[in-house]
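Just so it is clear, none of the values below were taken in a lab; they were calculated from the coordinates. What you see is a predicted model, and the numbers here were worked out from it, not measured in a lab. All Cβ positions, even for glycine, are placed from backbone atoms using ideal geometry, and neighbour counts span all protein chains on display.
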Amino acid sequence: PADSIVYSTLTPKTSSPKTSSPASLVMKPYVGLGTSRLKNDAAAGAVSSALLAGCVHIDCAKCYGNEKVIGNALKLTQSKVPRSKMHVTSKVWNDCHRPEDVRASCHQTLSDLGLDYLDLYLIHWPLAWKRGTIGAIDVFASLEATWRAMETLVDEGLVKSIGVSNFGKTLLRQLFGFCRIRPSCNQFECHVFNQQHSLVEFCISEGVLPVAWSPLARLDSSILENPTLRAVAGAHHGATVARVALRHAIQRGVAVIPRSKDPKHIADNLLAASSPVLSDQEMQEIDKLDTGSRITRDWVGIFDDTPYFPYRPLGWAAATILFAFWLLVPNIVDFRMPQSSKAELIIRPLPALEIGRGLVLIWIALHLSGVDLPPIPALQLLSDY
């Protein structure tokens with residue numbers, strides 16, 4: 001139903017003078033539509049079907065590469081679903097964490113979606129990359145500066161609310177220490193096989209709405225044929241396994257944004273918000289399915305529960321290699337998430353100055369390694385210094 005988005009005040013257990021985002025109102029869209037990896041007609045059709053079925057929370061992101069298509073779908077359905085009834089979310093990508101890039105990214109998203117404002121804007125990942133790169137750490141970017149830029153977007157009315165995605169408790173505590181506007185939500189992977197009880201409870205205790213992406217895991221045989229879920233679905237007279245899995249999250253206080261391009265599945269997912277309440281015993285049985293298994297592997301040590309070794313050392317080694325690589329490669333990329341089997345990269349040539357910088361660095365590296373090179377006085381002085 002259209003009222004599947006409910007605004008309510010969540011009062012943190014810990015007192016804080018910081019204001020929630022926005023004006024202490026926290027978004028509670030129990031069932032929304034995820035749009036990652038939906039391409040062109042599939043994305044437009046999914047958004048239109050969702051809105052007309054009563055799902056008014058549409059979750060987007062710059063790196064999904066489909067915001068223009070979604071914007072067209074939003075425009076076409078506004079005669080039946082007014083903008084005031086929609087709740088549109090987007091996210092700033094990893095290479096736009098500097099304040100000026102946060103603003104530019106938000107403006108580009110608004111332009112692509114054809115909107116005057118966003119209801120919710122998130123930091124997509126707690127990773128800051130150099131502009132136009134993949135994986136090259138931006139040492140001049142900081143979480144505090146990025147968040148200040150996000151707060152400014154709220155002040156200026158470009159976004160109504162701000163939040164984060166893929167943040168653990170450690171980073172959230174760090175953010176709470178300096179934020180003026182508290183994050184309204186935290187999106188992270190959460191499903192019956194990775195229920196994240198500790199993070200969910202922490203977010204709720206701090207007045208931050210937990211939002212589950214991929215709440216149906218991979219939606220393959222592991223979940224569709226799971227005996228526990230099938231038994232609970234059968235006991236609820238025609239409920240689908242997907243609806244039961246979503247209902248389990250909702251009863252834990254977790255909003256869900258399942259992705260689908262099938263109108264029937266979208267409509268069925270929406271029913272999870274109004275489905276009969278699962279019993280305590282059914283909830284406990286589904287709780288037992290939690291193995292902590294992730295769809296997205298953490299090879300660089302982002303998540304709190306990732307073991308230090310070997311992941312964090314591997315992460316730093318990869319970051320160092322990528323940093324050096326992007327210093328030398330005379331291209332910048334505009335990353336788009338895989339919408340089929342391969343990621344799409346838009347490659348643009350760099351100015352001659354950047355190419356020259358790369359050549360200079362190569363010359364210095366070879367010179368310092370002892371390679372006999374023709375003397376170039378200016379470079380010789382630089383490398384000796």
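Some observations on this one:
- In straight-distance terms, cross-link reach from residue 75 covers every one of the aspartates and glutamates whose alpha-carbon lies under 19 Å from its own, apart from those fewer than eight places away in the same chain; here that gives 41, 59, 67, 112, 116, 119.
- Seen from a random direction on average, the alpha-carbon convex hull of the stretch 119-204 projects onto 6.7 square nanometres.
- Residues whose amide H comes within less than 5 Å of that of residue 128, counting only those at least five positions distant or on another chain, are 138 (H built at 1.01 Å from N in the peptide plane).
- Taking amide H as placed 1.01 Å from N in the peptide plane, residue 213 has its amide H under 5 Å from the amide H of 188, 189, 190, each at least 5 places away in sequence or on another chain.
- Above-threshold pairs, the threshold being 32 Å between Cα atoms, out of 80/169; 91/264; 39/160; 39/130: 80/169
- Other residues lying with their Cβ under 15 Å from the Cβ of residue 277 contribute a combined charge of 0, Lys and Arg counting +1, Asp and Glu -1.
- At 0.692 mPa s and 37 °C, Stokes D of the stretch 244-289 from Kirkwood alpha-carbon radius, µm² per second: 291
- What you get for the stretch 80-196, charging only the Cβ of Lys and Arg (+1) and of Asp and Glu (-1), is a dipole of about 280 debye around the Cα centre.
- Cubic angstrom per residue, convex hull over Cα atoms of the stretch 69-131: 78
- The phi-based Karplus calculation (6.51 cos²θ - 1.76 cosθ + 1.60; θ = phi - 60°) puts the 3J(HN,Hα) values of the stretch 105-117 at 5, 4, 4, 5, 4, 4, 5, 5, 7, x, 10, 8, 7 Hz, whole numbers, x for Gly and Pro.
- Cα-centre dipole for the stretch 263-331 with unit charges at Cβ (Lys and Arg positive, Asp and Glu negative), debye to 20: 500
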